[in-house]
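Every read-out reported here was derived from the displayed coordinates using simple, explicitly stated rules and does not represent laboratory data. Just so it is clear, the model here is predicted, and its values are computed rather than measured. Don't worry about glycine lacking a Cβ; one is built from the backbone with ideal geometry, like all the others, and counts go over all protein chains shown.
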Amino acid sequence: MPQSFALPLSWLILAYLAIGLLFAIPFAFRGASAIDSAAKGAGWGFKLLLIPGSVALWPVLLKRWRSGLSDPPEEKNAHRTAACALHQKRREQQA
């Protein structure tokens, strides 16, 4: 990899991680409990474990924190959709 490409890429990665670290510390101690009710009242150990993942995923977590949602969204995939349709069909047959 030429140095002309590697050096800017290194600075870009370093900037991403620095911003992530600045975000992760307040997020771990305030934001996690704001976006997930299961994290409310969590201890210091749990909050420290959140920091590495928060550094890596800070854009996603920031978007979620700013959205103001208090619980994780319900999963939506093909399996859940099929199961819900089957459950609805059975309910209609029983009625």
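Looking at (1) farther than 23 Å from LEU12 by Cβ; (2) in contact with a helix residue (DSSP H, G or I) (Cβ under 7 Å, 6 or more places away or on another chain), find the lone condition where LEU62 falls short.
Just one mismatch for LEU62, condition (1).
If I filter region 59-70 down to residues being over 8 Å from the mean Cα position of the chain (by Cα) and not aliphatic (A, V, I, L, M), which single residue comes out as nearest to SER33 (Cα to Cα)? It would help to see each step written out before you state the result.
Taking region 59-70 first, the residues over 8 Å from the mean Cα position of the chain (by Cα) are 59, 62-63, 65-70.
Adding the requirement that they be not aliphatic (A, V, I, L, M) leaves 59, 63, 65-68, 70.
Details: PRO59: 17, LYS63: 15, TRP65: 10, ARG66: 13, SER67: 14, GLY68: 12, SER70: 8 Å.
Checking each candidate, the answer is SER70.
Looking only at residues in region 26-38 that are of a type outside the set (A, V, I, L, M) and in a helix (DSSP H, G or I), which one is surrounded by the most Cβ atoms within 10 Å (Cβ to Cβ)?
Ranking the qualifying residues of region 26-38, first place goes to PHE27.
Given the residues PHE5, PHE23, PHE46, which is the only one that is part of a helix (DSSP H, G or I), touching a residue at least 12 places away in the same chain (Cβ under 8 Å) and of a type in the set (Phe, Trp, Tyr)?
Unique residue meeting the criteria: PHE23.
Taking region 49-80 on its own, how many of its residues are surrounded by 12 or more Cβ atoms within 10 Å (Cβ to Cβ) and of a type outside the set (Val, Ile, Thr)? Steps first, answer last, please.
So the first thing to find is which residues in region 49-80 are surrounded by 12 or more Cβ atoms within 10 Å (Cβ to Cβ), and the list is 49-59, 61-62, 64-65, 69.
Checking which are of a type outside the set (Val, Ile, Thr) leaves us with 49-50, 52-54, 56-59, 61-62, 64-65, 69.
Number of matching residues: 14.
For GLY41, are the conditions met, namely being exposed (fewer than 12 other Cβ atoms within 10 Å of the Cβ), not in a helix (DSSP H, G or I) and not aliphatic (A, V, I, L, M)?
Details: exposed (fewer than 12 other Cβ atoms within 10 Å of the Cβ): yes; not in a helix (DSSP H, G or I): yes; not aliphatic (A, V, I, L, M): yes.
In short, yes.
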